[in-house]
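These notes are about the structure you will find just below.
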């Protein structure tokens with residue numbers, strides 16, 4: 001058993017080798033800051049210690065009165081007390097005191113773990129609070145055997161950075177270094193990662209570097225320089241990555257990425273909505289962050305994944321980022337299966353060309369005008385290898401941002417769901433499942449949060465107003481059916497019911513997923529790293545395509561009729577049959593929702 005090598009960080013509370021604690025706060029907005037230290041064993045007793053003013057707006061203090069486990073806050077000149085923005089743990093939530101954490105207290109057993117190559121990735125996205133009934137890091141450990149037997153190789157955890165209240169999707173975090181206490185202590189999160197490694201599973205953490213949540217962010221009180229009014233985002237003034245004081249802000253974010261990878265032994269990060277990161281500097285934050293991670297020489301393979309609405313292929317071609325979530329594949333497959341056509345789905349309805357392009361080349365929009373946006377979207381992606389794209393038919397956004405949080409199998413015919421599943425799980429793109437998908441879980445995944453009274457009603461009203469433009473929710477009575485995001489019941493209704501696996505229909509669905517992923521592991525995974533660019537596609541008919549990918553040793557072919565009618569004209573393709581979903585008829589005729597995968601060596 002071992003601990004992580006100690007690395008000093010410029011932010012937060014750090015244990016010194018002699019047992020003292022070094023505190024640092026960047027507060028250029030004030031000349032004087034005090035450390036408020038809670039005295040161990042003295043109920044309500046506080047020790048106020050003046051911090052020393054340092055150059056460039058820093059305040060520092062090394063104290064022998066503090067130790068691992070000590071609770072502390074920073075006191076501003078007007079008497080306001082605030083948590084440490086780089087707190088490693090908040091036992092009493094975002095408004096409470098921060099706690100000094102010894103990062104070496106946890107004894108790791110994954111010393112031989114070197115990670116896994118990206119082409120082997122089969123990703124499983126989960127929300128820790130809803131993955132199990134207990135909703136904790138330790139409870140999630142008990143379900144890792146299920147994921148390993150399913151054929152998953154990477155667990156992607158939705159954000160854990162400390163958020164206000166007891167429940168949240170995680171995208172409203174305000175203390176990015178502190179794993180949220182509602183799931184357990186930091187060492188419990190490390191135990192989850194350690195256990196995953198013992199079972200051959202990578203762990204990827206979703207991180208949010210484009211904004212802070214609306215409650216519990218005190219940065220503007222003591223360092224307004226953290227934000228840049230010149231750049232405005234949906235959440236207000238942008239985090240300042242390119243202004244006069246941006247060097248320290250950039251370092252705060254880059255150190256956070258390194259912190260998760262080094263101290264928590266994570267195998268990768270998924271960066272949320274990077275299109276909302278505003279940075280006009282010569283070296284974009286995304287480039288510098290990736291360069292610093294790659295230069296860190298971590299003892300395991302580390303993977304960086306983007307969510308990027310702008311579909312910038314250039315960010316995937318410089319060997320800095322491994323892949324991007326591929327919304328275009330989702331939208332094209334979702335429209336084919338469900339027939340939905342409202343919102344951005346309208347831009348994919350009836351467009352088999354876009355379907356073929358997304359499956360073959362990653363991006364469906366490669367610079368064309370996207371009507372829903374009213375502007376051009378994307379860059380040419382045909383030269384990128386398929387492993388640069390993460391394909392899915394469900395995720396937290398595409399399920400949870402529905403008014404009622406329904407899963408795909410609850411809104412689309414079962415044959416259609418089977419067909420699009422057989423397509424995306426065998427694509428040479430990297431597949432990602434959403435928790436419970438593998439057994440067609442009956443629970444929805446709904447939007448939930450736990451803000452204070454000041455925000456609660458605004459969140460309720462905003463959620464209902466958001467769906468007023470959709471035909472099904474134009475009446476007030478219909479909108480009243482939308483679950484209250486502030487209600488604890490909305491959160492509880494979103495938890496997986498693992499007892500459902502005892503039912504034959506759910507057990508059968510699970511076996512089918514296992515068989516699909518076994519076929520992927522045997523036949524597709526060995527090809528992925530050798531496929532150097534996108535495939536070529538042919539539109540056979542409305543909703544029907546043929547896609548082929550070439551490697552130096554083999555050709556992989558997909559023939560798919562993703563429509564509710566029979567389609568003729570599919571060619572005969574020589575080779576070995578990998579998978580057939582539906583029964584092919586004679587003379588190249590494919591019945592509705594029929595998929596065939598062929599491999600020729």
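The values are calculated or read from the model by the stated rules, or taken from the named source; none is laboratory data. Remember, predicted model here, so these are calculated numbers, not experimental data. FYI the Cβ positions are ideal-geometry reconstructions off the backbone, even for glycines, and counts take in every protein chain you see.
For this structure, a couple of remarks:
- Only one of the numbered conditions (1) touching a helix residue (DSSP H, G or I) at 6+ places or on another chain (Cβ under 9 Å); (2) without any contact (Cβ under 8 Å) to a residue 60 or more places away in the chain; (3) assigned to a helix (DSSP H, G or I) is not met by residue 243, and that is (3).
- Residue check, residue 431 outside any helix (DSSP H, G or I) and over 23 Å from residue 162 (Cβ atoms): yes
- Flag for residue 248 being surrounded by fewer than 20 Cβ atoms within 10 Å (Cβ to Cβ), under 30 Å from residue 121 (Cα atoms), touching a helix residue (DSSP H, G or I) at 6+ places or on another chain (Cβ under 9 Å) and in the same structural domain as residue 125 (by TED's automatic domain parsing): no
- Of the residues examined, residue 382 is not one that is surrounded by 20 or more Cβ atoms within 10 Å (Cβ to Cβ), at pLDDT 95 or above and either in a loop (DSSP other than H, G, I, E, B) or touching a strand residue (DSSP E or B) at 6+ places or on another chain (Cβ under 9 Å) (or both).
- Of the listed requirements (1) outside the structural domain of residue 304 (by TED's automatic domain parsing); (2) assigned to a helix (DSSP H, G or I), residue 105 misses just one: (2).
- Every residue from the range 186-204 that is closer than 17 Å to residue 118 by Cα, touching a helix residue (DSSP H, G or I) at 6+ places or on another chain (Cβ under 7 Å) and buried (at least 19 other Cβ atoms within 10 Å of the Cβ): 196, 201, 203
- Unique residue being within 30 Å of residue 174 (Cβ to Cβ), in the same structural domain as residue 494 (by TED's automatic domain parsing), in contact with a strand residue (DSSP E or B) (Cβ under 8 Å, 6 or more places away or on another chain) and assigned to a loop (DSSP other than H, G, I, E, B) when the list is 446, 394: 394
- Residues of the range 513-544 classified as within 17 Å of residue 577 (Cα to Cα) and either touching a helix residue (DSSP H, G or I) at 6+ places or on another chain (Cβ under 7 Å) or surrounded by 15 or more Cβ atoms within 10 Å (Cβ to Cβ) (or both), total: 8
- Evaluation of residue 255 against (1) over 23 Å from residue 201 (Cα atoms); (2) touching a residue at least 24 places away in the same chain (Cβ under 8 Å); (3) surrounded by fewer than 18 Cβ atoms within 10 Å (Cβ to Cβ) (one fails), failing number: (3)
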